[in-house]
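Okay, structure first, notes after.
The values are calculated or read from the model by the stated rules, or taken from the named source; none is laboratory data. Everything numeric here is computed off the predicted structure, so don't read it as measured data. Quick reminder, even Gly has a Cβ in these numbers, built from the backbone with ideal geometry, and neighbours come from all protein chains shown.
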Amino acid sequence: MKTVILLIILCQVGFCLFAQDTIPAPATQIKLALLAAPDDKKDSATVYGYSPDKELILLRKGTNELICLCDDPAQPGFSVACYHRDLEPFMQRGRELRKEGKSTEEIFNIREQEVKEGKLIMPKAPTTLFVYSAKAQDYDPVKGEVKNGYLRSVIYIPYATSESTGLPTRPQAPGMPWIMNPGTHGAHIMINPKPN
């Protein structure tokens, strides 16, 4: 009996490791990445995904202002994002620094300094980011299915403050906007709906 239980556990662990290491087909990656996109932007969005070697590659060239990223197979859980093309230098720099092994705090500080020095240009107008995420157990990369997903919205407004926007600096109620990282290059409005 102990052998059977151990075998079942090993099979489940093996399947989870296989599923986490699986790179979905390009069409599946595109479908999943677009879960973060507004409906009226999906058909024309640019989509980046992962090659079998786990390198970020262009899967589909779009014609509108939205860029979508597929789930990173190296990260736990499921998370896809779509953002305005004017945020691409900021996002690209973050990916480069992460690939170098920099921490979240180091990435923030480096980008802050680069923006101040004029090396990294942030958008002049407010720009959006949409993130659709789910827990690892709710994501099946083999079937390309996600259950119990959660969509949050972000509006980047570099150097905005609580005073300039009238927004609180922490969440007050589900769905109520608030400003994160005020007074910095990464200042943004967070809109986190109540989870289902």
Out of the range 87-115, which residues are under 15 Å from LEU69 (Cα atoms), surrounded by 17 or more Cβ atoms within 10 Å (Cβ to Cβ) and of a type in the set (D, E, K, R)? ARG93
Tell me whether the range 18-27 contains one or more residues that are in contact with an Asp or Glu (Cβ under 9 Å, 6 or more places away or on another chain), assigned to a helix (DSSP H, G or I) and more than 30 Å from LYS116 (Cα to Cα). yes
Test ASP71 against the stated conditions and say whether it is over 21 Å from PRO141 (Cα atoms), at pLDDT 95 or above and of a type outside the set (A, V, I, L, M). no
Out of (1) of a type in the set (Gly, Ala, Ser); (2) without any contact (Cβ under 8 Å) to a residue 60 or more places away in the chain; (3) at negative phi; (4) surrounded by fewer than 17 Cβ atoms within 10 Å (Cβ to Cβ), the odd one out for GLY118 is which? (3)
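Is it the case, given these coordinates, that ASN148 is over 15 Å from the mean Cα position of the chain (by Cα) and touching a residue at least 24 places away in the same chain (Cβ under 8 Å)?
Working: over 15 Å from the mean Cα position of the chain (by Cα): yes; touching a residue at least 24 places away in the same chain (Cβ under 8 Å): yes.
Spelling it out, ASN148 is indeed over 15 Å from the mean Cα position of the chain (by Cα) and touching a residue at least 24 places away in the same chain (Cβ under 8 Å).
Does ASN109 satisfy the criteria of being assigned to a loop (DSSP other than H, G, I, E, B), within 23 Å of ILE157 (Cα to Cα) and free of Cβ contacts under 8 Å to residues at least 40 places away in the same chain?
Numbers: assigned to a loop (DSSP other than H, G, I, E, B): no; within 23 Å of ILE157 (Cα to Cα): yes; free of Cβ contacts under 8 Å to residues at least 40 places away in the same chain: yes.
Answer is no for this residue.
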Out of (1) assigned to a loop (DSSP other than H, G, I, E, B); (2) at pLDDT 95 or above; (3) over 23 Å from CYS82 (Cβ atoms); (4) of a type outside the set (A, V, I, L, M), the odd one out for GLU114 is which? (1)
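For the range 33-49, which residues satisfy the criterion of being among the hydroxyl-bearing types (Ser, Thr, Tyr) and within 17 Å of the chain's Cα centre (by Cα)?
Here is the first cut: in the range 33-49, the ones among the hydroxyl-bearing types (Ser, Thr, Tyr) are 44, 46, 48.
Result: THR46, TYR48.
Kindly provide the set of residues from the range 58-80 that are aliphatic (A, V, I, L, M) and either surrounded by fewer than 18 Cβ atoms within 10 Å (Cβ to Cβ) or outside any strand (DSSP E or B) (or both), ordered by number.
Restricting attention to the range 58-80, the residues satisfying the condition of being aliphatic (A, V, I, L, M) are 58-59, 66-67, 69, 74, 80.
Hits for the range 58-80 are LEU58, ALA74.
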Within the range 36-57, work out how many residues are surrounded by 20 or more Cβ atoms within 10 Å (Cβ to Cβ) and farther than 16 Å from ILE23 by Cβ. 5
Can you tell me which residues in the range 119-169 are more than 18 Å from THR28 (Cα to Cα) and among the acidic types (Asp, Glu)? GLU163
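Could you please let me know if ILE30 is over 15 Å from the mean Cα position of the chain (by Cα), modelled with pLDDT of 95 or more and closer than 13 Å to LEU69 by Cβ?
Values: over 15 Å from the mean Cα position of the chain (by Cα): no; modelled with pLDDT of 95 or more: yes; closer than 13 Å to LEU69 by Cβ: yes.
Taking the combined requirement at face value, the residue does not satisfy it.
Can you tell me which of PRO141, PRO171, PRO126 is touching a residue at least 12 places away in the same chain (Cβ under 8 Å), closer than 28 Å to ALA45 by Cα and surrounded by fewer than 17 Cβ atoms within 10 Å (Cβ to Cβ)? Walk me through how you get there before you give the answer.
Values: PRO141 fails: surrounded by fewer than 17 Cβ atoms within 10 Å (Cβ to Cβ); PRO171 fails: closer than 28 Å to ALA45 by Cα.
Among PRO141, PRO171, PRO126, only PRO126 is touching a residue at least 12 places away in the same chain (Cβ under 8 Å), closer than 28 Å to ALA45 by Cα and surrounded by fewer than 17 Cβ atoms within 10 Å (Cβ to Cβ).
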